[in-house]
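Below: the structure, in structure tokens.
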Amino acid sequence: MNIAELESVARSLVPSGKGILAADESAPTIEKRFRSIRLPSTEENRRAYREVLFTTPGASDFISGVILFDETIRQKASDGTPFPVLLAEQGIVPGIKVDEGARPLAGFPGEKITEGLDGLRGRLAEYRELGARFAKWRAVLAIGEGTPTPYCLKANAHALARYAALCQEEGLVPIVEPEVLMDGSHAIERCEEATLAVLSLVYAELAAHRVHPEGTLLKPNMVLPGEECPRRAGVDEVARVTVRTLSRVVPPAVPGIVFLSGGQAPAQATAHLNAMNALGEHPWELSFSFGRALQDPVLKAWQGRPENVASARKAYHHRAMLNGAARGGKYSPEMESAS
Ligand code: 5MM
């Protein structure tokens, strides 16, 4: 394991003013996204869409890395350049989603365990050959009656740590993503409790698996009330509670925390990130690894039509720029309408 390289790649993913684009939608997820613009999910449409994102001029001013899916890391731009090469040429670090999805956890109705550990060592070696320098594995925790159970938390924390140790052995920086979902009517306090519980277990397991914290990144949910909770939380409350939760469990040795957006509206996710950074200095960089919050406006603008590529690129660049500003607490909602 080359510790110096792992640390340097991890730090290069969280420089000031930049964050990560999560473009690692698996086949069912991209199909769902394309359905919203009535576009069939063919291999060529998926390739063309990713090409729009990866060839946006100036995106590298705000984007440090891109998470790819297995199909995407093997695809090429129209001029024949492999996507990982195209990104690396712009100074954007290519990454790869290596989990194989969350499936029902046997014996625990309504709960899920993320699969993909079998054969992972070999897949990681291949992804490194293809140009990936970091990886991502997502665990999904739902808040419900009696859930998440301690067993579900432990099983997912264990899998995340086994994945992270294998990544570091293969020279890939693991992004560790335990996502407490926003679905439901729970109060923000329950999200805080569940987030604290999962992160405590994740860091205990990472230490037990001898994972080197300086060569990792954390991708957590922000602490939010459930989507259907009648008591909404203000931007400042979300920022304060999220930072408080993280400061209780995430070691300062971790270089960066790159939030997922989890279904928040794009401007809301940006405002929350901004408010956290505006609170002052933190032990870790607070950044983004957004999927929907970066891409929703792009898909709407693109609609699968070549004549819309310029406006799709504009939408992506704008969203990336706003999140880049939020990295330093310099975003304001008025910037949304400025082009
Ligand atoms: C981009 O979506 C990713 C892939 O999801 P599936 O494995 O379900 O297809 C997803 O892991 C994403 O990286 C995170 O959930 C963050 O995305 P959001 O949209 O929540 O920011």
Total residues in region 243-265, condition buried (at least 20 other Cβ atoms within 10 Å of the Cβ), more than 19 Å from residue 324 (Cβ to Cβ) and not β-branched (Val, Ile, Thr) | 2
Of the residues that sit in region 275-285 and are open to solvent by 20 Å² or more (accessible area, probe 1.4 Å) and in contact (Cβ under 8 Å) with a residue 24 or more places away in the chain, which one is farthest from the ligand (Cβ to nearest atom)?
-> 283
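Residue by residue, here is whether (1) charged (D, E, K, R); (2) closer than 28 Å to residue 122 by Cβ holds:
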| residue | (1), (2) |
| --- | --- |
| 5 | yes, yes |
| 9 | no, yes |
| 20 | no, yes |
| 51 | yes, no |
| 68 | no, yes |
Scanning for something within 16 Å of the ligand (Cβ to nearest atom), open to solvent by 40 Å² or more (accessible area, probe 1.4 Å) and either over 16 Å from residue 134 (Cα atoms) or within 21 Å of the chain's Cα centre (by Cα) (or both), does region 90-102 turn up at least one residue?
-> yes
Inside region 133-151, can you point out the residues that are farther than 30 Å from residue 3 by Cβ and in a strand (DSSP E or B)?
-> 140, 141, 144, 147
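Here's the yes/no breakdown for (1) small (Gly, Ala, Ser); (2) more than 17 Å from residue 192 (Cα to Cα):
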residue	(1), (2)
210	no, yes
216	no, yes
229	no, no
234	yes, no
237	no, no
240	no, no
247	yes, no
251	no, yes
Any residue in region 14-37 that's under 10 Å from residue 65 (Cβ atoms): show its pairings with residues that are assigned to a helix (DSSP H, G or I) and within 8 Å of the ligand (Cβ to nearest atom) at Cβ separation under 7 Å, as long as the two are six or more apart or on different chains.
-> 21/294
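Those residues that are assigned to a loop (DSSP other than H, G, I, E, B) and within 15 Å of the ligand (Cβ to nearest atom), I need them from region 227-274; list them, please. It would help to see each step written out before you state the result.
So the first thing to find is which residues in region 227-274 are assigned to a loop (DSSP other than H, G, I, E, B), and the list is 227-234, 250-255, 260-265.
Passing the criteria: 227, 260, 261, 262, 263, 264, 265.
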Give me a count of the residues in region 7-29 that are surrounded by 16 or more Cβ atoms within 10 Å (Cβ to Cβ) and within 12 Å of the ligand (Cβ to nearest atom).
-> 7
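Each row is one residue, and each column tells you yes or no for (1) in contact with a Gly (Cβ under 6 Å, 6 or more places away or on another chain); (2) within 30 Å of residue 32 (Cβ to Cβ); (3) surrounded by fewer than 24 Cβ atoms within 10 Å (Cβ to Cβ); (4) modelled with pLDDT of 95 or more.
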position: 267; (1), (2), (3), (4): no, yes, yes, yes
position: 287; (1), (2), (3), (4): yes, yes, no, yes
position: 292; (1), (2), (3), (4): no, yes, yes, yes
position: 320; (1), (2), (3), (4): no, yes, no, yes
For region 103-115, which residues satisfy the criterion of being surrounded by fewer than 17 Cβ atoms within 10 Å (Cβ to Cβ) and under 24 Å from residue 289 (Cβ atoms)?
-> 103, 115
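For region 299-312, state whether one or more residues are surrounded by 19 or more Cβ atoms within 10 Å (Cβ to Cβ) and within 23 Å of residue 219 (Cβ to Cβ).
The first filter runs over region 299-312 and keeps only residues surrounded by 19 or more Cβ atoms within 10 Å (Cβ to Cβ), leaving 299, 301-302, 312.
If we keep only those that are within 23 Å of residue 219 (Cβ to Cβ) too, we end up with 299.
Yes, region 299-312 has at least one match.
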Give the residues of region 297-324 that are more than 23 Å from residue 41 (Cα to Cα) and touching a residue at least 60 places away in the same chain (Cβ under 8 Å), sorted by residue number.
-> 317, 320, 321, 323, 324
Residue match in region 30-53 (condition: under 19 Å from the mean Cα position of the chain (by Cα) and more than 16 Å from the ligand (Cβ to nearest atom)) = no
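Do we find that residue 4 is farther than 16 Å from residue 132 by Cβ, part of a loop (DSSP other than H, G, I, E, B), open to solvent by 20 Å² or more (accessible area, probe 1.4 Å) and away from the ligand (no atom under 16 Å from the Cβ) in this structure?
Criteria not met by residue 4.
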Take region 158-202 and flag every residue that is within 16 Å of the ligand (Cβ to nearest atom), surrounded by fewer than 24 Cβ atoms within 10 Å (Cβ to Cβ) and assigned to a helix (DSSP H, G or I).
-> 159
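Can you go through 95, 122, 91 and tell me which one is farther than 20 Å from residue 191 by Cα, in a strand (DSSP E or B) and not hydrophobic (A, V, I, L, M, F, W, C)?
95
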Can you confirm whether region 64-71 contains a residue that is away from the ligand (no atom under 13 Å from the Cβ) and surrounded by fewer than 16 Cβ atoms within 10 Å (Cβ to Cβ)?
-> no
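The values are calculated or read from the model by the stated rules, or taken from the named source; none is laboratory data. Remember, predicted model here, so these are calculated numbers, not experimental data. For neighbour counting, all protein chains shown are included, and Cβ atoms are generated from backbone atoms with ideal geometry for every residue, glycine included. Areas reflect the complete protein model, heavy atoms only, side chains present, ligands, DNA and RNA absent. Shrake-Rupley method; radii C 1.70, N 1.55, O 1.52, S 1.80 Å.
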